[in-house]
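All remarks here apply to the structure that follows.
The values are calculated or read from the model by the stated rules, or taken from the named source; none is laboratory data. Please read these numbers as outputs of a predicted model, since none were measured by experiment. Don't worry about glycine lacking a Cβ; one is built from the backbone with ideal geometry, like all the others, and counts go over all protein chains shown.
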Amino acid sequence: MRRAHEPTVGETYSRSPIALGNGAFTPDGRLVVSHHPIFETAARVSIFIDAATLAPFPNAAWNRPAGCSNERLDAVLGVRSDAHGRIWMLDMGTRSSVSPKMVVWDCVLDRLDRIVTLPPTALVACSEPNDFVIDERRAARSTSPTRRRAWAATAPAPR
């Protein structure tokens, strides 16, 4: 057992030449990372295809600005994975002034699972939606009708 004062030995998973934001692992163990919007990187979200190479995630098209299209990534910082093999990306929409949204990508089927637009009532003028938690265990069993509806809108089991 390690004592509190003893150093923890870590392992380097990969290295990146550009600044990274948050990360989450796909079911096959690849690391998906966001890039902080302040650095204005070409890719909004990337995946390590080996220890030193990044590729746009989920693909190049989703990382290209497209006017006010909701089907593109704009300013992602929050990234999480769930037990169903999906990557959830919280897009603040601040680079192109598009609506903030949650983009859910099914990594098993390699396709868009859903887009959940954040309603204006969920935000205030200075909101920067970038942190979130996927609580599959408690929300799914909630006895609260409000929590059950929220869960149904955001995280049902795959189709």
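For the range 89-106, a residue qualifies if it is surrounded by 22 or more Cβ atoms within 10 Å (Cβ to Cβ) and either among the aromatic types (Phe, Trp, Tyr) or within 14 Å of residue 59 (Cα to Cα) (or both), and the qualifying residues are 89, 103, 105. For the range 31-42, name all the residues that are within 17 Å of residue 61 (Cβ to Cβ), surrounded by fewer than 20 Cβ atoms within 10 Å (Cβ to Cβ) and either hydrophobic (A, V, I, L, M, F, W, C) or in contact (Cβ under 8 Å) with a residue 60 or more places away in the chain (or both). If the condition is that a residue be within 17 Å of residue 61 (Cβ to Cβ), surrounded by fewer than 20 Cβ atoms within 10 Å (Cβ to Cβ) and either hydrophobic (A, V, I, L, M, F, W, C) or in contact (Cβ under 8 Å) with a residue 60 or more places away in the chain (or both), then 42 is the only one that fits.
Restricting to the range 99-121, and then to whatever is more than 17 Å from the chain's Cα centre (by Cα) and within 18 Å of residue 75 (Cα to Cα), can you tell me which residue is modelled with the lowest pLDDT? This residue is 120.
Tell me, please, whether a residue that is surrounded by 13 or more Cβ atoms within 10 Å (Cβ to Cβ) and not in a loop (DSSP other than H, G, I, E, B) can be found in the range 6-23. Checked the range 6-23: at least one residue is surrounded by 13 or more Cβ atoms within 10 Å (Cβ to Cβ) and not in a loop (DSSP other than H, G, I, E, B). When the residues of the range 1-30 are filtered to those that are touching a residue at least 24 places away in the same chain (Cβ under 8 Å) and charged (D, E, K, R), the one that is farthest from residue 108 (Cα to Cα) is 15.
For the condition in contact (Cβ under 8 Å) with a residue 60 or more places away in the chain, under 23 Å from residue 109 (Cα atoms) and outside any loop (DSSP other than H, G, I, E, B), what is the one hit in 47, 87?
Step by step, each of 47, 87 is checked, and only 87 is in contact (Cβ under 8 Å) with a residue 60 or more places away in the chain, under 23 Å from residue 109 (Cα atoms) and outside any loop (DSSP other than H, G, I, E, B).
Here residue 54 passes the criteria (1) farther than 15 Å from residue 18 by Cα; (2) over 14 Å from the mean Cα position of the chain (by Cα); (3) crowded, with 21+ Cβ neighbours inside 10 Å except the one numbered (1). Note on the range 122-159: residues that are of a type in the set (Val, Ile, Thr), more than 27 Å from residue 61 (Cβ to Cβ) and modelled with pLDDT under 80 amount to 2.
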